[in-house]
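The block underneath contains the structure these notes are about, expressed in structure tokens.
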Amino acid sequence: MNWPSVGVVIPTRNRPELVRRAIAAVREQRYPGEIRIVVVYDQTEPDYLLASTPAAASSEGVPVLVLTNWRASGLAGARNTGLLALDTELVAFCDDDDRWLPDKLRRQVAALLADPDAEFATCAIEVEYEGHTTARLAGRSRVTVDDLARSRMAMLHSSSFLIRRDSLVDGAVGLVAEDAPGSQNEDWDLLLRAARRAPIVHLDEPLVQVLWGRSSHYAYEYATKITSLRWMMRRHPEISGCRPGAARVYGQLACWSAATGDRSQAWQYSKEAVRANWREPRTAIALAAMTGAVKVENVLSALHRRGRGI
């Protein structure tokens, strides 16, 4: 088998220990083909020593290129900076607080190559939160636009993305959306754009360990969550056209609005969620938060222990 070259983009910001762990996991991949790593520093000073370790200098090691994000500030710009610096056949993303299991790349590349028309592949994940580990599976091997309109499918995490580079750079799918508010939901947007062209190949095995918690730069930025979800609904009419999917997003908007103390906005979004799907459970969370019966942060914490979110 002729294994294609893979470039791995690791955006990072103020996580020196975690980014080293992510790099080490990529270097430990049991992948027969060429691997290159690009670490992109966003809104922080770069550590060029990452590119001068013995493994990086070795002819048998995986080289590391260290860059500063030269595009739009944020995660999307950092990812684009990395993939534009590469000339590999495939590009993979890995967040600096996540870790690949050793067979991730080999298994995923094989699954992608088994479908000549496929451009995009993902795999299932394990969520780590406060000592709890939960596997998140999709229960399928192909993911369509309809699937993604109905649900964000959190198990299709950005750290599992493997993409044919030319489909991103040459415009077929396009670069990561740098106009995504706060660089949030840019991964869901990319999945939807790719799935419009061809179903996403999904390897339903947890081959990526994803760290959840307050280490996230975006965990409790509720105003940005609201803006980014509204951006998604404007950008992807498939979401509004899917009643369960629309209810899910309106339920989230209601929860985030309640968390900011905007009861009027939370009530309006709750009504939209009920109109779309009266069974939407996020509506009940939002209503409870509006009355002060619960705090959204406490609900999030309880859900995270089960590997889930709002």
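Take each peptide in 128-140, 230-242, count the other Cβ atoms within 10 Å of every residue, and average; sorted highest first, the result is 230-242, 128-140. Find the centroid of the Cα atoms in the stretch 176-210 and in the stretch 83-143, then give the distance between the two in whole Å. Comparing the Cα centres of the stretch 176-210 and the stretch 83-143, I get a distance of 11 Å. DSSP bridge analysis restricted to the chain gives an antiparallel fraction near 40%, rounded to the nearest 5.
Overall, the anisotropy analysis places the stretch 6-211 in the rounded class: the square-rooted eigenvalues a ≥ b ≥ c of its C-alpha gyration tensor yield a/c less than 1.5. A simple charge model with +1 on the Cβ of Lys and Arg, -1 on the Cβ of Asp and Glu and nothing else charged puts the dipole of the stretch 6-211 at about 240 debye relative to its Cα centre. The helix-only estimate of mean residue ellipticity at 222 nm for the chain, built from DSSP H runs of length n ≥ 4 each weighted as -39500 (n - 2.57), is -12000 deg cm²/dmol after division by the residue total. Straight-distance candidates among the lysines for linking to Lys295, with alpha-carbon spacing under 28 Å and chain neighbours fewer than 8 residues away dropped: Lys225, Lys271. Taking amide H as placed 1.01 Å from N in the peptide plane, the amide H of Val8 sits under 5 Å from that of Arg36, Ile37, Val38, Ala92, each at least 5 places away or on another chain. On a 0 to 90° scale, report how tilted helix 75-84 is relative to the longest principal axis of the chain, with both axes built from alpha carbons and the result rounded to the nearest 10. The angle comes out at about 30 degrees.
When the chymotrypsin sites (Phe, Trp or Tyr not before Pro) in the stretch 250-306 are filtered for DSSP coil states and for at most 16 other beta-carbon atoms within 10 Å of their beta-carbon, the remaining sites are Trp278.
Comparing Pro116, Pro181, Pro244 in a Gaussian network model of the chain where C-alpha atoms under 10 Å apart are linked, the largest mean-square fluctuation is found at Pro116. Note on the chain: GNM, Cα springs under 10 Å; of Asp42, Asp146, Asp97, the largest mean-square fluctuation is that of Asp146. Largest GNM mean-square fluctuation across Leu113, Leu148, Leu175, computed for the chain with C-alpha springs under 10 Å, falls on Leu113. The radius of gyration of the Cα set in the stretch 238-310, together with its Dmax, comes out at 11.6, 34 angstrom. Over all projection directions, the Cα-based convex hull of the stretch 129-184 averages an area of 5.8 nm². Mean sequence separation of contacting Cα pairs (under 8 Å, at least six apart), scaled by the length of the chain, corresponds to a relative contact order of 17 percent.
Rule-based calculations on the coordinates, nothing more; no lab input. These figures come from a predicted structure and were not determined experimentally. In this analysis, Cβ positions are derived from the backbone assuming ideal geometry, glycine residues included, and neighbour counts consider all displayed protein chains.
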